[in-house]
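Novice: For reference, the structure I am asking about is given below.
Any read-out appearing in this document is the output of simple, stated calculations on the displayed coordinates, not a laboratory observation. This is a predicted model, so every value here is computed, not measured. Note that each Cβ is placed from the backbone with ideal geometry, even for glycine, and that neighbours are counted across all protein chains shown.
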Amino acid sequence: MSHSHSPDPSTVRVGIIGGGLMGKEAASAFGRWFALTDLPIKAELVAVADLAEPVLDWFRAVPTVRHLTTDYHQILADPEVDVVYCALPHHLHERVYNDVLDAGKDLLAEKPFGIDLGAARRIVEKIEATGRFVRCSSEFPFLPASQRVIDYARTGDIGRVIEIVCAFHHSSDLNPDKPINWKRQVKHCGEIGVMGDLGMHVAHIPLRLGWKPRRVFAQLSQIWSERPDGHGGMAACDTWDNALIHGEVAVGDREAVPMRWETKRLSPGATNTWFIEIHGTTGGIKYSTAEPKTLWTFRREGNTQAWTREDLGFGTPFKTITGGIFEPGFPDILQQMWAAFIAERAGQLNGRFGCATPAEAVASHEVFAAALESHKSGRAVDVG
Ligand SMILES: NC(=O)c1ccc[n+]([C@@H]2O[C@H](COP(=O)([O-])OP(=O)(O)OC[C@H]3O[C@@H](n4cnc5c(N)ncnc54)[C@H](O)[C@@H]3O)[C@@H](O)[C@H]2O)c1
């Protein structure tokens with residue numbers, strides 16, 4: 001159902017394709033857009049496509065939504081949609097992203113930006129051919145602590161960089177009785193498995209800092225190979241559960257600094273624990289969402305070495321009504337990511353952190369493809 005409407009032209013009108021876990025989070029971010037105080041562009045969710053009627057029913061409670069459909073082509077044909085957010089299983093990314101771009105809409109694409117490297121590269125060809133504004137979803141850099149880590153990596157006195165670690169750990173898959181879903185099947189999630197699910201989150205900050213590994217050695221583990229199918233039987237669970245990617249990057253005067261990207265679905269006790277650590281000979285910094293407002297910085301003076309703990313507040317890139325001493329969470333950083341997308345699209349990023357670019361998404365896929373090859377061959381592999 002769709003009916004005509006004359007919206008304020010200064011408002012960006014968003015349509016969602018895929019109203020599951022992430023589609024609903026996006027609705028929540030737009031639902032309190034008024035909390036943003038230094039972004040003079042409005043954004044509202046106007047249309048949603050999902051195959052599942054119960055999903056569409058949920059969106060009926062969102063007052064700005066005026067177009068609900070089971071056929072995503074109707075969102076693309078809707079002249080009142082400026083930007084499309086796609087939050088779909090990975091095997092659908094390439095086809096739907098290409099359709100969005102052919103329809104003349106801008107796109108916030110979900111990671112991993114295509115099911116594999118080939119798909120990611122073809123999506124970029126389509127972006128170049130259509131000239132649309134496209135970014136890839138990745139919200140962790142919008143945490144206040146992440147912004148501090150990025151500043152520190154660029155300007156801090158680290159000395160010689162010893163090692164870099166970026167990791168994302170989950171644990172719900174430890175339970176073998178957890179039923180199968182599309183994220184645990186190669187045909188829907190991709191051969192890269194957990195790297196497709198969690199990898200962009202560990203790749204984004206290193207890539208933005210210019211730390212793309214030149215060579216990687218990967219250890220991929222599959223711990224459970226079948227799961228309950230939800231109908232009394234068992235189904236093959238054929239994706240990688242955990243991935244350790246050992247890479248090396250040139251940083252400062254060091255040619256081959258070890259950098260490890262960890263993505264794990266089976267990490268005992270971890271619930272969406274994302275962390276980053278940069279260790280150097282005179283300085284260092286580390287942050288984990290397991291201690292959401294705690295930033296640690298390292299300093300060595302002569303023989304004296306100390307980690308300093310600092311409580312962080314709400315120092316997000318885009319200012320909001322939330323008090324500076326309060327702590328941010330997942331819904332906040334998703335809204336920050338959306339603010340960055342909307343601002344950059346309008347040329348109003350003004351030096352603030354921008355969303356992951358298509359080039360960064362392709363670079364992450366190049367690392368994951370090399371990781372697959374490394375695991376198969378048992379050798380280190382150059383990254384394409
Ligand atoms: N940025 C993040 O932190 C984050 C977190 C989780 C998932 N994701 C990504 O978001 C995307 C979606 O993941 P999710 O967890 O929301 O999945 P989900 O399974 O919860 O939701 C997917 C939705 O897509 C719908 N769908 C499937 N095929 C469709 C079609 N042809 N047309 C319209 N709708 C269709 C399904 O009915 C479902 O509601 C994936 O790319 C995933 O990697 C990102």
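Novice: Rounding to the nearest 10 and keeping the result within 0 to 90°, find how far the Cα-based axis of helix 93-102 lies from the longest principal axis of the chain.
Specialist: Between helix and principal axis, roughly 60 degrees.
Novice: Are any of the pairs Lys24/Lys286; Lys42/Lys105; Lys105/Lys212; Lys24/Lys105; Lys212/Lys286; Lys111/Lys319 more than 23 Å apart by Cα-Cα distance, and if so, which? The partial results should precede the final answer.
Specialist: On the way: Lys24/Lys286 31 Å; Lys42/Lys105 17 Å; Lys105/Lys212 30 Å; Lys24/Lys105 20 Å; Lys212/Lys286 20 Å; Lys111/Lys319 26 Å.
Violating the 23 Å limit, Cα to Cα: Lys24/Lys286; Lys105/Lys212; Lys111/Lys319.
Novice: Over the chain, calculate the relative contact order: mean separation of alpha carbon pairs under 8 Å at least 6 apart, over the residue count, as a percent. List each step's numbers first, then the result.
Specialist: Details: 841 pairs, mean separation 73.2, N = 384.
Contact order relative to length: 19 percent.
Novice: Decide, for the chain, between rounded, prolate and oblate: order the square roots of the alpha carbon gyration tensor eigenvalues as a ≥ b ≥ c, take rounded if a/c falls under 1.5, and otherwise choose prolate if a/b is larger than b/c, else oblate. Write down the numbers at each step before the final one.
Specialist: Values: a/c = 1.69, a/b = 1.26, b/c = 1.34.
Oblate is the answer for the chain, as a/c is 1.5 or above yet b/c matches or exceeds a/b.
Novice: OK, next. Compute the FRET efficiency between Thr271 and Trp182 as 1/(1 + (r/R0)^6), taking r as their Cβ-Cβ distance and R0 = 25 Å, and round to the nearest 0.05. Present the calculation step by step, with values, prior to reporting the outcome.
Specialist: On the way: r = 21 Å, r/R0 = 0.83.
Taking R0 as 25 Å, the efficiency between Thr271 and Trp182 is 0.75.
Novice: Can you compute the charge dipole magnitude of the range 11-136 about its Cα centre, using +1 on each Lys and Arg Cβ and -1 on each Asp and Glu Cβ, nothing else charged? Give it in debye, rounded to the nearest 20. Let's see the in-between values first.
Specialist: Details: 14 positive and 18 negative charges, 48 e Å.
That gives the range 11-136 a dipole magnitude of about 240 debye.
Novice: Here is a follow-up. Residues with beta-carbon under 12 Å from that of Ala306, excluding Ala306: net charge, scoring Lys, Arg +1 and Asp, Glu -1?
Specialist: +2
Novice: About its Cα centre, what dipole magnitude does the chain give when the only charges are +1 on Lys and Arg Cβ and -1 on Asp and Glu Cβ, stated in debye to the nearest 20? Let's see the in-between values first.
Specialist: Working: 40 positive and 47 negative charges, 125 e Å.
That gives a dipole near 600 debye.
Novice: Which one of Val249, Leu372, Ile75 is farthest out on the positive end of the charge dipole of the chain, using unit charges on Cβ (Lys, Arg +1; Asp, Glu -1) and the Cα centre as origin?
Specialist: Going by the charge dipole, the pick is Val249.
Novice: Against the longest alpha carbon principal axis of the chain, how many degrees, from 0 to 90 and to the nearest 10, is the axis of helix 330-345 turned?
Specialist: Tilt of helix 330-345: around 70 degrees.
Novice: Which one of Ser225, Leu21, Thr322 has its Cα pushed farthest toward the positive end of the charge dipole of the chain, where Lys and Arg give +1 and Asp and Glu give -1 at the Cβ?
Specialist: The residue sitting farthest along the positive end of the dipole is Thr322.
Novice: Further, regarding this structure: How much length would be gained if the chain were fully extended between Asp38 and Arg95, taking 0.36 nm per residue of separation minus their Cα-Cα distance, in nm to one decimal?
Specialist: On the way: separation 57, 0.36 × 57 = 20.52 nm, distance 3.58 nm.
Extra length available between Asp38 and Arg95 comes to 16.9 nm.
Novice: State, to one decimal in nm, how far the label point of Thr155 lies from the label point of Leu21, with both points 7 Å from Cα in the Cβ direction.
Specialist: 3.7 nm
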